[in-house]
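As structure tokens, the structure follows; a few thoughts come after it.
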Amino acid sequence: MRTIISRQKIRSPFVAKVEELSGQNLLACYQCGKCSAGCPNVDQMDIPPNQIIRFAQLGMEEELKNSKSIWICASCMTCNVRCPKGINIAEVIESIRQIVLRKRNDHVEVKKLSDSEKQNVPPIALISCFRKFTS
Amino acid sequence: MKLSYFPGCTLKNQAKNFEDSALCSLKKLGVEVKEIDRWNCCGTVFSMTTDDLIHHLAPIRNLIRTKEQNSNKLMTLCAMCYNTIKRANERVKADQESLDIINDLMYREEIKYTGDVEVLHLLEILKNDITFENVKQKVVKPLKGLKIASYYGCYLVRPKEIGFDDLENPIVMDELVSALGGNPIDFPFKTECCGAYETVDRPDIIANRTYQILSSAKNYGADAVAVSCPLCFFNLDARQKETQKKFPEFKNIPILYFSQLMALALDCDEESMKFNLHYIDPKPLLKEKGLI
């Protein structure tokens, strides 16, 4: 895969938006990898949490918006409480999810869910799923 | 002691076993509980983006309902409700500008919210106000020989400003199990996420999580696993079906709410424990231990 890094990308409105929505300073990260080491779902991710931060610093908008990882993170906050620099990684991931969802690109479509997917699932699961995965 | 209580959506249906067993236990402990009038859904998850104030209205409205009852403390049972309402409360307490905007958006409310309601989880009340010593004295049927691994998950302990226990090594449920006469079992997966709402679109991920969490509890010798969240309960109990399909060597283990353990030890009616709502029936285990 060929990746082009440029000053324009690093200073793009996407990076500013991620910082604004998450309330985090992306450049505080020094890539220790503790977030990815403790993430219980990292095996399902295409871009692990520490790399999400790196991609965000570099303004790699398309890679992040199309990643599987943003829909795998369940905001369990393990990364946040372990980050030695006090960065809220879960908030950074949430901001990327929100950037996608706010363009009306829902990740879960209610009418496409099968009966077996909805069957017996408690309201707490459905409401939180729709709150996190739909616009 | 009198407490205002917020049930939330799931405690009125799939998690009725959680609500009824908790309310019966509190009655046995001499605590008066009043469900707040006109409560609404808390939103289930805290809105994490800085600009998203509208989603904090739902949790904050419940705090206004609490004040309408002349109360300044709100008890929750569900760990997700606790997390969402408490975080929204902490958010507006720390940021007057957001609180003003939220109050403006709720201009029809007669009471303005000022950040003066305290959000508490039942476990917190048991530990600090009722005290485990008092619980111990009220025990009628000690959970003798019952080995319980307490699973805390995420929302009860994280983030730091929310948790009332250690972030990496919470012990509050284990303390309760000890007070009830049971044997608490420590295990390394007690704060590892169960996958939460991914159970809707990715039950395969939940099967992985459930397999890891429950196999670990079993390896450490647990007879059953205690939880404080209806979503953890669903993922660890009902999703054992998917887990068994994916991992044929997996062996079932019953899941119980901490409140059901309390109800058992305090000699509540079996009806309050509603074991019919469990996918894995805990009754054979409880019969074997002579508890029912």
Inset, instruction - Examine segment A:117-125 for a residue that is surrounded by 14 or more Cβ atoms within 10 Å (Cβ to Cβ), within 23 Å of the chain's Cα centre (by Cα) and under 17 Å from A:GLU61 (Cα atoms), and state whether such a residue exists. - result: no
Inset, instruction - Kindly indicate whether B:LYS34 is in a strand (DSSP E or B), surrounded by fewer than 16 Cβ atoms within 10 Å (Cβ to Cβ) and either within 12 Å of chain A (Cβ to nearest Cβ) or not hydrophobic (A, V, I, L, M, F, W, C) (or both). - result: yes
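Among the residues of segment A:48-67, is there at least one that is of a type in the set (Ser, Thr, Tyr), without any contact (Cβ under 8 Å) to a residue 60 or more places away in the chain, surrounded by 18 or more Cβ atoms within 10 Å (Cβ to Cβ) and in a helix (DSSP H, G or I)?
So far as segment A:48-67 goes, no, none of its residues is of a type in the set (Ser, Thr, Tyr), without any contact (Cβ under 8 Å) to a residue 60 or more places away in the chain, surrounded by 18 or more Cβ atoms within 10 Å (Cβ to Cβ) and in a helix (DSSP H, G or I).
Kindly indicate whether any position in segment B:211-220 is within 22 Å of A:ARG131 (Cα to Cα), within 12 Å of another protein chain (Cβ to nearest Cβ) and out of contact with any His (no Cβ under 9 Å at 6 or more places or on another chain).
no
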Legend entry - segment A:13-35, residues that are closer than 12 Å to A:ILE99 by Cβ and of a type in the set (Gly, Ala, Ser): A:ALA16, A:SER22
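Which residues, counting only those in segment B:60-88, are closer than 26 Å to B:SER150 by Cβ and away from chain A (no Cβ under 11 Å)?
Hits for segment B:60-88 are B:LYS73, B:LEU74, B:MET75, B:THR76, B:LEU77, B:TYR82, B:ILE85, B:LYS86.
Among the residues of segment B:259-267, is there at least one that is outside any loop (DSSP other than H, G, I, E, B), hydrophobic (A, V, I, L, M, F, W, C), in contact with a strand residue (DSSP E or B) (Cβ under 7 Å, 6 or more places away or on another chain) and farther than 30 Å from A:ASP106 by Cβ?
Among the residues of segment B:259-267, at least one is outside any loop (DSSP other than H, G, I, E, B), hydrophobic (A, V, I, L, M, F, W, C), in contact with a strand residue (DSSP E or B) (Cβ under 7 Å, 6 or more places away or on another chain) and farther than 30 Å from A:ASP106 by Cβ, which makes the answer yes.
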Legend entry - Output for segment B:40-56, where each listed residue is surrounded by fewer than 19 Cβ atoms within 10 Å (Cβ to Cβ) and either under 23 Å from B:ARG108 (Cβ atoms) or more than 12 Å from chain A (Cβ to nearest Cβ) (or both): B:ASN40, B:CYS41, B:ASP52, B:ILE54, B:HIS55
Inset, instruction - Sort out which residues of segment B:42-67 are of a type in the set (A, V, I, L, M) and touching a strand residue (DSSP E or B) at 6+ places or on another chain (Cβ under 9 Å), and write them in order of number. - result: B:LEU63
Inset, instruction - Count, please, the residues in segment B:222-232 that happen to be more than 13 Å from B:PRO254 (Cα to Cα) and in a loop (DSSP other than H, G, I, E, B). - result: 2
Inset, instruction - Could you tell me whether segment B:42-59 includes any residue that is touching a His at 6+ places or on another chain (Cβ under 6 Å) and more than 26 Å from B:TYR257 (Cα to Cα)? - result: yes
Legend entry - Total residues in segment A:89-100, condition facing chain B (nearest Cβ under 10 Å) and without any contact (Cβ under 8 Å) to a residue 40 or more places away in the chain: 2
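Per-residue answers, yes or no, for (1) touching a residue at least 40 places away in the same chain (Cβ under 8 Å); (2) among the aromatic types (Phe, Trp, Tyr); (3) in contact with a helix residue (DSSP H, G or I) (Cβ under 9 Å, 6 or more places away or on another chain):
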{"site": "B:PRO203", "(1), (2), (3)": "no, no, yes"}
{"site": "B:LEU214", "(1), (2), (3)": "no, no, yes"}
{"site": "B:ALA226", "(1), (2), (3)": "yes, no, yes"}
{"site": "B:LYS246", "(1), (2), (3)": "yes, no, yes"}
{"site": "B:PRO254", "(1), (2), (3)": "no, no, yes"}
{"site": "B:PHE275", "(1), (2), (3)": "yes, yes, yes"}
Legend entry - Qualifying residue in segment A:74-88 (condition: surrounded by fewer than 21 Cβ atoms within 10 Å (Cβ to Cβ), closer than 24 Å to A:LYS9 by Cβ, without any contact (Cβ under 8 Å) to a residue 40 or more places away in the chain and more than 7 Å from chain B (Cβ to nearest Cβ)): no
Legend entry - Filtered residues of segment A:14-42 (kept if among the aromatic types (Phe, Trp, Tyr) and under 13 Å from the mean Cα position of the chain (by Cα)): none
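All of the numbers you see were taken from the coordinates with simple rules; none came from a lab. Only a predicted model underlies this, so the values are computations on that prediction, with no experimental measurement involved. Using ideal geometry, Cβ is built from the backbone for each residue, glycine included, and neighbour counts are taken over all protein chains shown.
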